[in-house]
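Report on the structure given below.
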Amino acid sequence: MNPRTVTEIELPGDSSDQASLYYNQGILNLTWSYDFGQTWSQPVPIRDSKIGQAGIATLNVDSTTGNIAVGWYDPREDAKNQQEIKWYATVLAPPADPKTT
């Protein structure tokens, strides 16, 4: 069995108090490693909206299936004011190990 290492969820962008509501695109990507961080996968986009920042992102891996559940808050339904924040989530199939494909 090959070890799997999941990195932190990437939240690029300026998250400072001065960040503009109009340029701040909260991209959410997942990357992983099968060799303890010596090499990394290409980023896989998770979030399907670039409106506002994603916040409090969480990740969980099902130990039986290997499925990856990711959840986050974002303001996509309130693009103008970005005050109404809702929870969004997705489930991904486990990534293929390049050594076995």
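The values are calculated or read from the model by the stated rules, or taken from the named source; none is laboratory data. Keep in mind that what you see is a predicted model, and the values were worked out from it rather than measured. Note that we place each Cβ from the backbone using ideal geometry, even for glycine, and neighbour counts take in every protein chain shown. We work out accessible area using only protein heavy atoms, side chains counted, and drop any ligands, DNA or RNA first. Shrake-Rupley method; radii C 1.70, N 1.55, O 1.52, S 1.80 Å.
Here is how the numbers come out for the structure above:
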| read-out | value |
| --- | --- |
| Residue list for region 34-91, restricted to those being at pLDDT 85 or above, open to solvent by 30 Å² or more (accessible area, probe 1.4 Å), among the β-branched types (Val, Ile, Thr) and part of a loop (DSSP other than H, G, I, E, B) | 39, 64, 65, 85 |
| Filtered residues of region 16-32 (kept if surrounded by 13 or more Cβ atoms within 10 Å (Cβ to Cβ) and modelled with pLDDT under 85) | 19, 21, 24, 25, 26, 27, 28, 29, 32 |
